[in-house]
Amino acid sequence: MIVEDKKVLRQMSKEWTGTHEELAKLVEKMYDAMKEAKGIGISAIQVGVPVRVFLAGDPEELFINPKITYLSSYKKKNWEGCLSCPNVNVQVPRSHKIHLTYTTLREGKEIVVKDREFKYFDAFVVQHELDHLNGRLIEDRGKAYTP
Ligand SMILES: [Zn+2]
């Protein structure tokens, strides 16, 4: 189930400090909710857990405690939707390039720290999920439009 309660969604998520087992359970819940809703990204807060973990990309990559190390000043406006804000589209300005360091899993086991650049569509998706970690929704980024 995807959380739509604004009170829950507007919380600031905390750093992930749980066990491997807890992480596997959380990620499974997020993955199932995202696939069911046909989403392209999901944050832990969207399944009601306020921790800094999200899934994004195709194939999905797991981001744990991501930190922005570079954000381009050049921005582009795109129409965005959100699994937690049904029937709302917002034109959101996002940087076209972002660098992130984050922890992830390799083959579901070993924890590795990555430093990666994301551009264009991938950059917009990770910025949308980063907003969720900080309790921000698309409607805070621009005027809501209901198609
Ligand atoms: Zn969203």
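The values are calculated or read from the model by the stated rules, or taken from the named source; none is laboratory data. Everything quoted here is computed from the prediction, not taken from an experiment. Here the Cβ positions follow ideal geometry from the backbone for every residue, glycine too, while neighbour counts run over all protein chains shown.
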Exercise. Inside segment 71-102, can you point out the residues that are at negative phi, part of a strand (DSSP E or B), in contact (Cβ under 8 Å) with a residue 40 or more places away in the chain and of a type in the set (S, T, N, Q)?
Worked result: Asn78, Asn89, Gln91
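Among the listed residues Ile64, Ile68, which satisfies the condition of being under 14 Å from the mean Cα position of the chain (by Cα), farther than 22 Å from Gly18 by Cβ and assigned to a strand (DSSP E or B)?
Ile68
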For this session: Filter segment 21-61 for residues that are part of a loop (DSSP other than H, G, I, E, B), of a type in the set (A, V, I, L, M, F, W, C) and either away from the ligand (no atom under 12 Å from the Cβ) or within 10 Å of the chain's Cα centre (by Cα) (or both) and give the result.
Result: Ile40, Val49
Problem set entry | Enumeration of residues in segment 54-102 that are surrounded by 18 or more Cβ atoms within 10 Å (Cβ to Cβ) and β-branched (Val, Ile, Thr) | Ile64, Val90, Val92, Ile98
Exercise. Of all residues in segment 1-20 being free of Cβ contacts under 8 Å to residues at least 24 places away in the same chain and assigned to a loop (DSSP other than H, G, I, E, B), which is nearest to Gly135 (Cα to Cα)?
Worked result: Asp5
For this session: Test Gln46 against the criterion of being surrounded by 20 or more Cβ atoms within 10 Å (Cβ to Cβ) and either modelled with pLDDT of 95 or more or not charged (D, E, K, R) (or both), and give yes or no.
Result: yes
Exercise. Looking at (1) of a type in the set (Asp, Glu); (2) over 12 Å from the mean Cα position of the chain (by Cα); (3) buried (at least 17 other Cβ atoms within 10 Å of the Cβ), which is the only condition Asp131 fails?
Worked result: (2)
Exercise. Taking into account only those residues within segment 97-147 that are of a type in the set (Asp, Glu) and more than 16 Å from the ligand (Cβ to nearest atom), which is modelled with the highest pLDDT?
Worked result: Glu117
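Say we look at segment 61-116 and pick out the residues that are among the acidic types (Asp, Glu) and in contact with a Ser or Thr (Cβ under 9 Å, 6 or more places away or on another chain); which of these is nearest to Leu130 (Cα to Cα)?
Among them, the one singled out is Glu61.
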